[in-house]
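The structure appears below as C-alpha cells.
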Amino acid sequence: MLLHKIVEVREKINEWKKQGLTVGLVPTMGALHNGHLSLIKKSVEKCDRTVVSVFINPIQFCPGEDLDKYPRTLDADEKLCNDAGVDIIFAPSPKEMYGEGHILSNDFLTYVIPPFFYTNKLCGKSRVGHFDGVCTVVNKLFNIVQPDFAFFGEKDRQQLIILKKMVKDLNIPVEIIPCPIVREESGLALSSRNKYLSSKDREDALALSKILFNIKACYKKGMKDPQILAETVYSFLNENHSLEYLEFRDGDDLEEKKVADDNTIVFIALKIGDVRLIDNVSLK
Ligand code: AMP
C-alpha cells in the first residue's frame, strides 16, 4: 500500500500496535536496488509488518549536491516493495515532512544534531550538516512509524554508527539492525548513485572495492600499520580518480586507528569523474 500522508501511516500503525504486531522500518531514498532489497527481506522475515520509506530528504543534501538529479523511480520502487511483501511504502512530499520550514531557512526547523566527534570526519568533513539532516529525518520517521526494528546498510557505515549513537543517547525504543553490503560480482557496492556512471566510469569505480580488498588481504598477511597499508592505494588510481579520503577507524566510535586490528573499518570516498562514491570494509 502506497501512502503519502503521515496521518494515514499513523492510522495503520495504531491498528497494528493494537493487534500486538511488530513493525520493521527500512528508510530509503528510493531508486531501489538489491542492496535495499536485502534490508527489506530481512525486515519482512523478522517483523510482522514492514514499512519502507521512500523520501529524498532535502535537508541532508548540501548546496551544490545532487538533490535535483537524484534518481526518482517510485513506480518501480512500489512494485519491488509489493513483490517483496512490504505492507506500507511511505512516500511523503518534502512539504508533508517539513511544512514550508526547510524552504524558508534551516532556522525554522528543529534539528537533531549528532556529536561533533562523529561528524567532523570522513563524509561529514566535505558534507557539512549532512548527518544533522539524516538524524533529523530518521528521528521523524521513528516517531511516525514507531518501529520495533529499523534496518540500515553497512554501506553507509558512518551513518549507521551515528544513528546507533543517536538511538542510545536519546533512549529511542527501537533496535537498529545492521545489514551487510551487497556488491555486484565485480566487487562494486550497489548504490543508487551508480546510475550516474558512464561505462568507462563503471570500470574505474571498481578501484574502490579493489583498494579495500587489497588492504584487507595485506592486513590478513600481518601488516598492521595504517600508513603503510594506505600507500597501496596509489597503484589502483588513474587520472579519472580523485581520492577524498582513505581512513582507518574504529567500528564503534570512529576513533582513528594507529594500529589496525579486527575492529578496524577502512573507509574510502573516491570521485570517479564527477561522481563521488563511498565504500568500506571491516578488517575482521
Ligand atoms: P539510500 O536509499 O541510499 O539512503 O539507502 C537506504 C538504505 O539502504 C541505507 O541504510 C543504506 O545503507 C542501504 N544500502 C544502500 N546500498 C546498499 C548496499 N549496497 N548494501 C547494503 N545496504 C545498502
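The values are calculated or read from the model by the stated rules, or taken from the named source; none is laboratory data. Just so it is clear, the structure is predicted and the values come from calculations on it, not from any experiment. Note: ideal-geometry Cβ built from the backbone for every residue, glycine included; neighbour counts use all protein chains shown. Quick note on the areas: whole protein, heavy atoms, side chains included, nothing else; ligands and nucleic acids left out. Shrake-Rupley method; radii C 1.70, N 1.55, O 1.52, S 1.80 Å.
The residue among GLY99, ILE88, ALA150 whose Cα reaches farthest toward the positive pole of the charge dipole of region 68-184, with charges on the beta-carbon of Lys, Arg, Asp and Glu, is ALA150.
Remark on the chain: ratio of C-alpha radius of gyration to 2.2 N^0.38 Å is 1.02. Annotation: extensible slack from ASP66 through LYS17 equals 13.9 nm (criterion: 0.36 nm per residue apart, minus Cα-Cα distance).
Rg/Rh for region 170-212 (Cα atoms only, Rh after Kirkwood) is 1.20. Taking amide H positions as modeled 1.01 Å from N, with prolines and chain starts lacking one, the residues under 5 Å from LEU2 and 5 or more places away or on another chain are ILE89. Candidate cross-link partners of LYS164 among the lysines, defined by an alpha-carbon separation under 23 Å and a same-chain spacing of 8 or more, comprise LYS41, LYS42, LYS46, LYS121, LYS125, LYS140, LYS155, LYS257, LYS284.
Taking amide H as placed 1.01 Å from N in the peptide plane, MET29 has its amide H under 5 Å from the amide H of PHE55, each at least 5 places away in sequence or on another chain.
Counted over region 1-40 with a bin width of 10 Å, the fraction of Cα pairs per bin, in whole percents, is 23, 45, 31, 2.
On full extension, the segment bounded by LEU237 and SER93 gains 47.8 nm, given 0.36 nm per residue less the C-alpha separation. Counting protein heavy atoms only, the chain has 51 percent of its accessible area on carbon and sulfur, 1.4 angstrom probe.
Projected onto its three principal axes, the C-alpha set of region 192-278 covers 37, 26, 16 Å, listed from the longest axis down.
Let me know the charge dipole size of region 2-179 about its Cα centre in debye, to the nearest 20, where only the beta-carbon of Lys, Arg (+1) and Asp, Glu (-1) is charged.
460
Once the Cα atoms are used to define both axes, helix 157-169 deviates from the longest principal axis of the chain by about 50 degrees.
Whole-Hz Karplus values for region 83-96 come out as 5, 8, x, 6, 8, 9, 9, 9, 10, x, 7, x, 5, 4 Hz, taken residue by residue from phi with 6.51 cos²θ - 1.76 cosθ + 1.60 and θ = phi - 60°; glycine and proline positions read x. Classify region 18-118 as rounded, prolate or oblate, taking a ≥ b ≥ c as the square roots of the eigenvalues of its Cα gyration tensor: rounded when a/c is under 1.5, otherwise prolate if a/b is larger than b/c and oblate if not. Judged from the Cα gyration tensor, region 18-118 comes out prolate (a/c at least 1.5, a/b above b/c). Probing with 1.4 Å while keeping every protein chain in the model, the per residue accessible area of region 1-128 equals 52 Å². Given R₀ = 25 Å, what would the calculated FRET efficiency be for ARG193 paired with MET223, taking r from the Cβ atoms and rounding to 0.05? About 0.20, to the nearest 0.05.
Compared with the dominant Cα axis of the chain, that is its longest principal axis, helix 130-145 is turned about 30°.
Considering only beta bridges that DSSP places wholly inside the chain, some 50 percent are antiparallel.
Measure nothing but the geometry: give the 0 to 90° angle between the long axis through the Cα atoms of 34-46 and the longest principal axis through the Cα atoms of the chain, rounded to 10°. Long axis of 34-46 versus the principal axis of the chain: about 50 degrees.
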